[in-house]
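Participant: Just passing along the structure, written as structure tokens.
The values are calculated or read from the model by the stated rules, or taken from the named source; none is laboratory data. Model, not experiment: these values are computed from the prediction. Cβ atoms come from the backbone with ideal geometry, glycine included; neighbour counts cover every protein chain shown.
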Amino acid sequence: MTPNQTLLIGIDAGGTTTDVVGAVSGEQHRMVLQGVNARRDGRERAVEVLRDAIAQMRGHFGVSDANRTDVFVAAGLAGYRSATALDGVAGALPGTCRVMSDLDLALYAAHGGMRGAVVIVGTGSNAAIRIEDGSVVSRGGLGYILGDDASGYALGRRAARLAAAELDLGATSPLGAAVLKRIGASDRDSLVDLVYVERFPIQQLAKVVIERAGQGDESARGIIVEELRALGSTLAGLDRARQDSVDAMPTCLLGGLSRHAFFRELLVSEALPRGWHVVTPQFADPAEAALVLAGVLRDAS
């Protein structure tokens, strides 16, 4: 890399993975790193993950302190909504940085600053709308204890509880057996140890639930539908809060679970309010949108 070039970095830091895109003079490079949630993992860990993402991208493009290279970073970070908290994270990062919530980044990735809704169903769940005056209203995002309906964690937790209850009853269903196999548990004690001591990532069980439901397992389908109806109540409240007279609401579905066709179909039928219709996001993914925002940051400097 020659001196005086500009390195742009877009980061989408979610609870499971951190997606990073860097660009210099039209050349792009992508990475997937460990995820982070600022509220769950703490501010120091969030800063550490973002700093590592920036350092690895600098290393890929050969940007050292000896280069007179401007680095502009835009990042979406899970766990924080407070502007003060997000500005504090940005201030601890190298280069010129803007850090926003992952929800704000998702809205931009979906609609490019225009009116619309976004529903995120990944490790957690969240939703927001941007209305005609440009203001943003959000619901959900309360975390795995207080909320996250229909998320990977919510589906996985229900599946794990079903398997545990069946072990106590001495009669394991096909879904319960699939869950125990995925966790690697053979009895009650090993299940408890793997979940509480070994910290098995419960959200990984969502894939088991969705696959079983797609194969006709009614217990698995019931778990998904109940969770989606709870999410639907959250979205209905968000729909009432938008306070405009336009019925149609272009909606983007984001997050890992939304990429499963069976789950996506149920989400649309069970959770979306009347008038919300699914559209294609303006950007391929939030990290690409963050890269564009890094360019906006550069142009404003």
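Participant: Scan the range 50-69 and give yes if some residue there is on the phi > 0 side of the Ramachandran plot and more than 20 Å from the chain's Cα centre (by Cα), otherwise no.
Facilitator: Yes, the range 50-69 contains a residue that is on the phi > 0 side of the Ramachandran plot and more than 20 Å from the chain's Cα centre (by Cα).
Participant: Right, another one. Mind listing just one residue for me: the one in the range 129-149 that is more than 13 Å from the chain's Cα centre (by Cα) and small (Gly, Ala, Ser) and, of those, nearest to Cys252 (Cα to Cα)?
Facilitator: The extreme case among them is Ser138.
Participant: Hey, another quick one. If you check Gly237, Gly216, which single one turns out to be in contact (Cβ under 8 Å) with a residue 24 or more places away in the chain, surrounded by fewer than 17 Cβ atoms within 10 Å (Cβ to Cβ) and more than 19 Å from the chain's Cα centre (by Cα)?
Facilitator: Gly237
Participant: Could you pull out every one of the helices (runs of 4 or more DSSP H) wholly within the range 114-226 that has 1 or more residues that are among the polar types (S, T, N, Q)?
Facilitator: 188-192
Participant: Further question on the same structure: In the range 235-242, is there at least one residue being under 30 Å from His111 (Cα atoms) and not in a helix (DSSP H, G or I)?
Facilitator: Yes - at least one qualifying residue is present in the range 235-242.
Participant: A further question follows. Identify, by number, the condition in (1) within 30 Å of Leu235 (Cα to Cα); (2) out of contact with any Gly (no Cβ under 7 Å at 6 or more places or on another chain); (3) in contact (Cβ under 8 Å) with a residue 40 or more places away in the chain that Thr96 doesn't meet.
Facilitator: (1)
Participant: OK, next. So, in the range 254-285, of the ones that are surrounded by 12 or more Cβ atoms within 10 Å (Cβ to Cβ) and among the basic types (Lys, Arg), which residue ends up modelled with the highest pLDDT?
Facilitator: Applying the filter and picking the extreme gives Arg264.
Participant: Which residue is surrounded by the fewest Cβ atoms within 10 Å (Cβ to Cβ), if the candidates are limited to the range 3-24 and must be free of Cβ contacts under 8 Å to residues at least 60 places away in the same chain and more than 14 Å from Ala74 (Cα to Cα)?
Facilitator: Going through the qualifying residues, I end up with Thr17.
Participant: Determine if the range 175-183 includes at least one residue that is touching a Gly at 6+ places or on another chain (Cβ under 6 Å) and buried (at least 17 other Cβ atoms within 10 Å of the Cβ).
Facilitator: Within the range 175-183 (the criterion being touching a Gly at 6+ places or on another chain (Cβ under 6 Å) and buried (at least 17 other Cβ atoms within 10 Å of the Cβ)), the answer is no, since none of the residues qualifies.
Participant: So Ile131 fits all but one of (1) more than 17 Å from Gly79 (Cα to Cα); (2) in contact with a strand residue (DSSP E or B) (Cβ under 8 Å, 6 or more places away or on another chain); (3) at pLDDT 90 or above; what number is the exception?
Facilitator: For Ile131, the failing item is (3).
Participant: Which residues, counting only those in the range 25-74, are in a loop (DSSP other than H, G, I, E, B), among the small types (Gly, Ala, Ser) and touching a residue at least 60 places away in the same chain (Cβ under 8 Å)?
Facilitator: Listed by number, the residues that qualify are Gly35, Gly62.
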